[in-house]
Amino acid sequence: MVKKNILITGGAGLVGSILIKNLKEKFNIRVLDQKKVDGVECHLGNINDLESIKPAFDGIDTVVHLAADRRVHGDWNSVLQNNIIGAYNIYEASKISKVKRIVFASSQHATGGFYEVEPYTFIDKGDFESLPKNYKPLNEEVRIRPDSYYGVSKGFGEALGSYYSDYFDISSINIRIGFVISDDDPTFSPIGLNLWLSHKDLSQIIEKAINASDSIKFDTFYATSDNYWKIWSIDKAKKILGFDPKDSAPKSFTPRDVRDADK
């Protein structure tokens, strides 16, 4: 079988380096970043400059778009340049090069306003005793409810994918990524317990999205490991993408500091 040609934007970051490590034998991987990544083909460019990145898309089948200012409370100008203009440039360069699919690294922060709504706030704060026994995790049918400019930018990216799917025939799959942690240990807080997406499960769901049926023209999925505590349902990803998470966070946590994580 011929390997697909994959472009990972922001491949020098935490999530990108995990994907490169776990997927480089399955796909021909090229990286678009401002920093070089050893061991893979790289194109240096800034996503807020369309002309600088166009050559990176030549011959690419699928783009995995990770590059962004990942700070949840990043300042507006940075979010505008890196997450909004940058996302537009990725879709526009993909259109020009006739890329077939974009897997967009969205985030649960696109709907993070629900963290302030009962009973979900009990999970977010670790007040598990107050949680009703019959509560149900939220699914992809809830409205966009950002908790930050970062969350707004992720909602924008999802909408952009819908537009390019309808009018330029680019299959767009949004993965609302949970919490990817450098040491892959979620036991530091209740946030970790419910949002953890292990390195193994991250790599699996991105692979599933890359290889998903051509009949998927646009769709959105939450992505966490199969954790005991859940604010976000992963049933849709299991059903449609065949996501089969291998990891699950435990029920309890031990507070500690975390220096390197994507949430």
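Quick rundown of the values:
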| item | result |
| --- | --- |
| Residue that is farther than 13 Å from S172 by Cα, modelled with pLDDT of 95 or more and in contact with a strand residue (DSSP E or B) (Cβ under 7 Å, 6 or more places away or on another chain), where the choices are I210, I206, I216, I234 | I234 |
| Flag if F221 is aromatic (F, W, Y), over 15 Å from the mean Cα position of the chain (by Cα) and under 22 Å from Y115 (Cβ atoms) | no |
| Residue among Y120, Y115, Y91 that is under 18 Å from the mean Cα position of the chain (by Cα), buried (at least 17 other Cβ atoms within 10 Å of the Cβ), at pLDDT 95 or above and not hydrophobic (A, V, I, L, M, F, W, C) | Y91 |
| Flag if Y135 is more than 13 Å from the chain's Cα centre (by Cα), at pLDDT below 95 and either surrounded by 14 or more Cβ atoms within 10 Å (Cβ to Cβ) or among the aliphatic types (A, V, I, L, M) (or both) | yes |
| Residues being buried (at least 18 other Cβ atoms within 10 Å of the Cβ), within 20 Å of K54 (Cβ to Cβ) and aliphatic (A, V, I, L, M) - total across the range 74-88 | 2 |
| Number of positions in the range 81-111 that are of a type in the set (A, V, I, L, M) and either without any contact (Cβ under 8 Å) to a residue 12 or more places away in the chain or touching a Phe, Trp or Tyr at 6+ places or on another chain (Cβ under 8 Å) (or both) | 6 |
| Number of positions in the range 33-55 that are touching a Gly at 6+ places or on another chain (Cβ under 6 Å) and either among the polar types (S, T, N, Q) or within 19 Å of I85 (Cα to Cα) (or both) | 5 |
| Any chance V31 is among the β-branched types (V, I, T), part of a strand (DSSP E or B), surrounded by 20 or more Cβ atoms within 10 Å (Cβ to Cβ) and touching a residue at least 12 places away in the same chain (Cβ under 8 Å) | yes |
| Members of the range 1-28 found to be surrounded by fewer than 16 Cβ atoms within 10 Å (Cβ to Cβ) and in a helix (DSSP H, G or I), listed by number | K21 |
| Residue within the range 145-166 that is assigned to a loop (DSSP other than H, G, I, E, B) and small (G, A, S) present | yes |
| From S198, S172, S153, S148, residue being of a type in the set (G, A, S) and surrounded by fewer than 24 Cβ atoms within 10 Å (Cβ to Cβ) | S148 |
| Filter result (under 18 Å from A105 (Cα atoms), in contact with a helix residue (DSSP H, G or I) (Cβ under 8 Å, 6 or more places away or on another chain) and of a type in the set (D, E, K, R)) within the range 42-74 | D69, R70, R71 |
| Single residue of the range 112-135 satisfying the filter (aromatic (F, W, Y) and free of Cβ contacts under 8 Å to residues at least 24 places away in the same chain) that is farthest from D219 (Cα to Cα) | F122 |
| Counted residues, the range 206-233 - those being over 19 Å from S165 (Cβ atoms) and free of Cβ contacts under 8 Å to residues at least 40 places away in the same chain | 2 |
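Residue by residue, here is whether (1) more than 22 Å from Y164 (Cα to Cα); (2) among the basic types (K, R) holds:
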| residue | (1), (2) |
| --- | --- |
| K3 | yes, yes |
| D33 | yes, no |
| S52 | no, no |
| L66 | no, no |
| D69 | yes, no |
| G74 | yes, no |
| S94 | no, no |
| K98 | no, yes |
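The values are calculated or read from the model by the stated rules, or taken from the named source; none is laboratory data. Predicted model, so just to flag it, every value in this text is computed and none were measured. Please note: Cβ atoms are built from the backbone with ideal geometry, for glycine as well, and neighbour counts cover all protein chains shown.
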